[in-house]
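Below is one structure; the comments refer to it alone.
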Amino acid sequence: MAQARRKKSKLREYFQVIVVSIVLALIVRTYIVQAFRIPSGSMEDTLLVGDFLLVSKFIYRFTDPKPGDVIVFKYPLDPRRDFIKRCVAVGGQTVQIKDKMLYVDGKAVANPRESKFVDPKVYATGANARDNFGPVRVPAGHLFMMGDNRDNSRDSRYWGFLDRRFIKGRAFMLYFSWEQLPGDPKLAWREGPFLLALPKFVFSFVKVLAFDIARVPWRVRWSRIGNLVH
């Protein structure tokens, strides 16, 4: 009897540890820090496709977003998707773009250190919002967001101001970076019944895992790990 009670007590301890761990993980993910992977090149060369970030979810409980912050947010046109861009202006400020140059409140703003332009063409006013835009005044409680890859970013120039309610947090550190190349195998998941889709997914998972493990030494961007996001 005593041995049976000890076994039950041990199982109860393990169960409690698991439950507490899950609860703590959910609290951390919901209120403190969340991981985020860069899926596109809109923030190059500040952030690269395959960068893995830590995002502070509590920072804006104590301070307001400011120009220069790199922010993860729900895409206003489809809140199921997460975007990452740089805040360039906040409520009350006036934004204008003239021949690719950003002006806030009438003053030219220096481009971020790792930002870039990939297209020498300059679209005239009215032809495309990319190169000539505004001036517009940012409403209170909103932000104007732009990607650092200025010629290849779907941002506030196209979909408007970001309501602060959509903010998820500020990116602050790279914890991993993996160079993804065209032709690399990808996880496969097809629509349909779960049991029919599962075998294909499992096969693709094993394939991707084996492919990546064999290439760890030269595909990991070791020099980027631990870098702060500026």
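Just give me the residues in region 200-229 being surrounded by fewer than 11 Cβ atoms within 10 Å (Cβ to Cβ) and either in contact with a Lys or Arg (Cβ under 8 Å, 6 or more places away or on another chain) or part of a strand (DSSP E or B) (or both), in sequence order.
228
Look at residue 89 and say whether it is buried (at least 19 other Cβ atoms within 10 Å of the Cβ), in the same structural domain as residue 120 (by TED's automatic domain parsing) and not basic (Lys, Arg). Break it down into steps so the answer makes sense when it comes.
Details: buried (at least 19 other Cβ atoms within 10 Å of the Cβ): yes; in the same structural domain as residue 120 (by TED's automatic domain parsing): yes; not basic (Lys, Arg): yes.
Considered against the rule, which asks whether it is buried (at least 19 other Cβ atoms within 10 Å of the Cβ), in the same structural domain as residue 120 (by TED's automatic domain parsing) and not basic (Lys, Arg), residue 89 comes out as yes.
Pairs, please: C-beta under 9 Å, at least 6 apart or cross-chain, first residue at pLDDT below 65 and in region 180-200, second of a type in the set (A, V, I, L, M, F, W, C) and not in a loop (DSSP other than H, G, I, E, B)?
Final answer for the pair search is 190/196; 190/197; 190/201; 191/197.
Here is a check on your reading of the model: is residue 151 under 22 Å from residue 48 (Cα atoms), outside the structural domain of residue 54 (by TED's automatic domain parsing) and not in a helix (DSSP H, G or I)? Before the answer, list the steps.
Values: under 22 Å from residue 48 (Cα atoms): yes; outside the structural domain of residue 54 (by TED's automatic domain parsing): no; not in a helix (DSSP H, G or I): yes.
No.
Does region 157-168 contain any residue that is farther than 17 Å from residue 61 by Cα, in a loop (DSSP other than H, G, I, E, B) and under 15 Å from the mean Cα position of the chain (by Cα)?
Of the residues in region 157-168, the ones farther than 17 Å from residue 61 by Cα are 157-162.
Among the residues that remain, those that are also in a loop (DSSP other than H, G, I, E, B) are: 160-161.
With the extra rule that they be under 15 Å from the mean Cα position of the chain (by Cα), the set shrinks to none.
No, because not a single residue in region 157-168 is farther than 17 Å from residue 61 by Cα, in a loop (DSSP other than H, G, I, E, B) and under 15 Å from the mean Cα position of the chain (by Cα).
Here is a check on your reading of the model: is residue 41 on the phi > 0 side of the Ramachandran plot and either out of contact with any His (no Cβ under 7 Å at 6 or more places or on another chain) or at pLDDT 90 or above (or both)? If you could, list the steps in order and put the result at the bottom.
Details: on the phi > 0 side of the Ramachandran plot: no; either out of contact with any His (no Cβ under 7 Å at 6 or more places or on another chain) or at pLDDT 90 or above (or both): yes.
For residue 41, the condition - on the phi > 0 side of the Ramachandran plot and either out of contact with any His (no Cβ under 7 Å at 6 or more places or on another chain) or at pLDDT 90 or above (or both) - is not met.
The values are calculated or read from the model by the stated rules, or taken from the named source; none is laboratory data. Keep in mind the model is a prediction, meaning the values are calculated, not measured. In this analysis, Cβ positions are derived from the backbone assuming ideal geometry, glycine residues included, and neighbour counts consider all displayed protein chains.
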